[in-house]
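FYI, it's all coordinate maths here, none of it is from the lab. Quick caveat, the model's predicted, so the values are computed rather than measured. Don't worry about glycine lacking a Cβ; one is built from the backbone with ideal geometry, like all the others, and counts go over all protein chains shown.
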Ligand SMILES: Cc1cc2nc3c(=O)[nH]c(=O)nc-3n(C[C@H](O)[C@H](O)[C@H](O)COP(=O)(O)OP(=O)(O)OC[C@H]3O[C@@H](n4cnc5c(N)ncnc54)[C@H](O)[C@@H]3O)c2cc1C
């Protein structure tokens with residue numbers, strides 16, 4: 001096992017309060033990517 | 001009055017059926033043909049496989065829901081396609097064989113005006129000698145029954161480890177051209193966390209074995225992603241996580257044979273090696289179901305419908321990796337020969353892989369087949385349903401809804417361990433799924449703002465929230481359609 005994640009980073013990753021805001025942020029970001037649309041690729045300027 | 005027949009009630013078949021039923025009035029018939037009596041939310045199988053969820057939490061019976069919603073349901077498996085009908089039946093039909101208890105073995109011609117083939121993949125365990133879930137200490141988590149078995153195997157091993165046994169756990173791909181690395185990736189991290197929770201982590205050596213050339217390829221040629229204020233490659237991110245969790249890895253390896261506790265594989269250097277294990281979870285190769293198709297005079301026309309999976313509006317011309325473009329990928333999932341047949345989700349034949357093809361000196365192809373995860377499966381099913389709805393309403397073919405995997409994003413919220421306070425998730429979004437090297441030449445074919453990675457507890461919550469949201473949606477509870485695919 002090689003430590004690749006610092007204590008501070010680990011604290012941020014596992015802190016429920018920080019992660020709660022991250023959860024809101026992530027949910028919105030994922031939603032925007034999903035709802036951001038999709039389309040074809042065969043028309044110019046797709 | 002049109003009859004739309006949907007084959008399969010997985011993510012794509014169920015999404016298509018739900019949208020068709022909601023948007024078409026009851027003069028039109030929507031019929032689902034699927035052998036499994038239950039709907040299952042497959043992404044949560046990894047939690048079943050570590051005993052943190054019961055399989056009944058990820059499934060529900062389809063018949064009562066379909067009855068309530070006015071969707072016909074035949075618990076049967078399709079065996080052959082007659083897109084022109086036959087000498088006795090004017091209309092196109094599929095031949096299905098019932099698997100339900102009351103009608104087991106009975107066959108039926110199911111006629112249609114529109115056909116959606118959403119039969120997903122055949123889990124092709126036979127392609128790897130000795131790989132048969134639950135035997136030779138090797139398991140799968142591809143279905144809820146497999147995941148239940150995997151947990152039985154793992155929990156028995158954990159008990160032995162508590163008595164002092166040192167164990168080797170191998171997780172990854174079980175074939176040189178397997179796909180779905182994401183699921184195996186989630187499972188290895190969940191197993192690692194479960195061993196820590198059970199206080200036996202120090203007794204286990206955990207190894208990732210995969211046909212990927214680099215970690216984090218995921219069958220998508222890897223990706224460049226933003227991670228906090230950094231930009232990193234997916235292999236760097238996965239390497240960081242694996243090293244931090246003490247997981248070793250073997251790459252560029254095609255597993256070709258399983259014996260009791262031994263996986264034999266060939267690597268990209270052409271070496272034939274093996275690895276011993278006490279527990280393995282290996283994803284099999286995915287293949288088409290081997291369906292046959294016949295014309296009106298009963299001549300075999302399978303090649304007009306299938307190339308393993310179903311042929312759709314992709315460019316299947318063989319060309320070298322350097323000449324692949326996003327334009328090769330389908331947009332409407334319509335069969336070019338029979339315009340009333342569509343194949344969303346995993347059921348369509350991809351034009352080629354996404355990852356760079358590689359061969360060992362012995363000529364064995366070792367690289368991931370292209371994945372088609374839940375989100376694109378849902379999106380492509382919805383757009384197929386929308387095109388059929390438009391065509392019915394306008395009484396002429398309408399293909400305005402398009403969605404190429406080269407112009408579509410995907411979110412992969414990979415569980416890295418279960419637990420409301422101790423859990424973790426690796427959230428990766430990618431846009432587009434198939435890299436567009438022309439449009440995004442400097443960022444490995446992806447749009448950076450929309451291709452990002454995050455690691456932490458929030459990822460676990462998000463994955464859990466998606467579990468409940470998608471089961472709510474699948475149960476077609478009030479306003480289900482507001483939840484995007
Ligand atoms: C363990 C695991 C974890 C995963 N995790 C994620 C994840 O976190 N996120 C994500 O986006 N994706 C995930 N995926 C991928 C996702 O599950 C698939 O992309 C998705 O299920 C594909 O949907 P589909 O409808 O095309 O195929 P399937 O879900 O496989 O559905 C196929 C349907 O066809 C039916 N069928 C089969 N044969 C016949 C026949 N002869 N006649 C009629 N019907 C038939 C089957 O019974 C089934 O109902 C995961 C996959 C696995 C295995």
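Below, the figures for the structure above:
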item: Value at 222 nm in deg cm²/dmol, rounded to 500, when DSSP H runs of n ≥ 4 in chain A each add -39,500 (n - 2.57); result: -19500 deg cm²/dmol
item: Paramagnetic reach from residue A:9 (point 7 Å along Cα→Cβ, amide N under 16 Å) across the range B:431-455; result: B:453-455
item: Chain B: relative contact order in percent, alpha carbon pairs under 8 Å with at least 6 residues between; result: 16
item: Rel. contact order, % - alpha carbon contacts under 8 angstrom, at least six apart, the range B:19-86; result: 45
item: Taking only Cα atoms of the range B:303-386, radius of gyration then Dmax in Å; result: 13.8, 47
item: For a label point 7 Å along the Cα-to-beta-carbon line of residue B:447, residues of the range B:315-344 with backbone N under 17 Å; result: B:326-327
item: Volume of the Cα convex hull of the range B:267-329, divided per residue and given in Å³; result: 188
item: Ranked B:309, A:21, criterion: other C-beta atoms within 10 Å, fewest first; result: A:21, B:309
item: Linear extension gain, residue B:483 paired with residue B:421, 0.36 nm per residue minus alpha-carbon span; result: 19.7 nm
item: Calculated P(r) tail over 20 Å for the range B:235-363, as whole % of Cα pairs; result: 64
item: At R0 = 30 Å, FRET efficiency that the Cβ-Cβ distance of residue B:63 and residue B:307 yields, to 0.05; result: 0.35
item: For the range B:22-121: rounded, prolate or oblate by the Cα gyration tensor [a/c cutoff 1.5]; result: prolate
item: Simple spin-label estimate for residue B:243 and residue B:257 in nanometres, 7 Å along Cα-Cβ; result: 3.6
item: Residue exposure sequence - A:32, B:225, B:399 - by fewest surrounding Cβ within 10 Å; result: A:32, B:399, B:225
item: Cut-off 20 Å (backbone N to label point 7 Å along Cα→Cβ of residue A:43), residues of the range B:398-423; result: B:398-409
item: Residue B:394-residue B:205 pseudo-label distance in nm [points 7 Å out on the Cα-to-Cβ vector]; result: 6.2
item: Structure-based [θ]222 nm, chain B - -39500 (n - 2.57) summed over DSSP H runs of at least 4, per residue, nearest 500; result: -7500 deg cm²/dmol
item: Cα centroid separation, the range B:435-485 to the range B:381-399 (Å); result: 26
item: Value of relative contact order over the range B:371-485, rounded to a whole percent, pairs C-alpha under 8 Å and six or more apart; result: 22
item: Simple spin-label estimate for residue B:56 and residue B:155 in nanometres, 7 Å along Cα-Cβ; result: 1.4
item: Rounded if a/c under 1.5, otherwise prolate or oblate - the range B:381-485, Cα gyration tensor axes; result: oblate
item: Global geometry of chain A, whether rounded, prolate or oblate, following the gyration tensor of its Cα atoms and the 1.5 cut on a/c; result: oblate
item: Using a Förster distance of 25 Å, the FRET efficiency for residue B:166-residue B:274 (Cβ separation, nearest 0.05); result: 0.85
item: Binned Cα-Cα distances of chain B, short to long, each 20 Å bin given as a whole percent; result: 24, 57, 19, 0
item: Dimensions in Å of the range B:155-210 - Rg and Dmax from alpha carbons; result: 12.2, 38
item: Angle in degrees between helix B:11-23 and the longest Cα principal axis of chain B, rounded to the nearest 10; result: 40
item: Pairs of Cα atoms farther than 22 Å apart, the range B:131-233, %; result: 38
item: Cβ-derived FRET efficiency at R0 35 Å, residue B:292 paired with residue B:197, nearest 0.05; result: 0.10
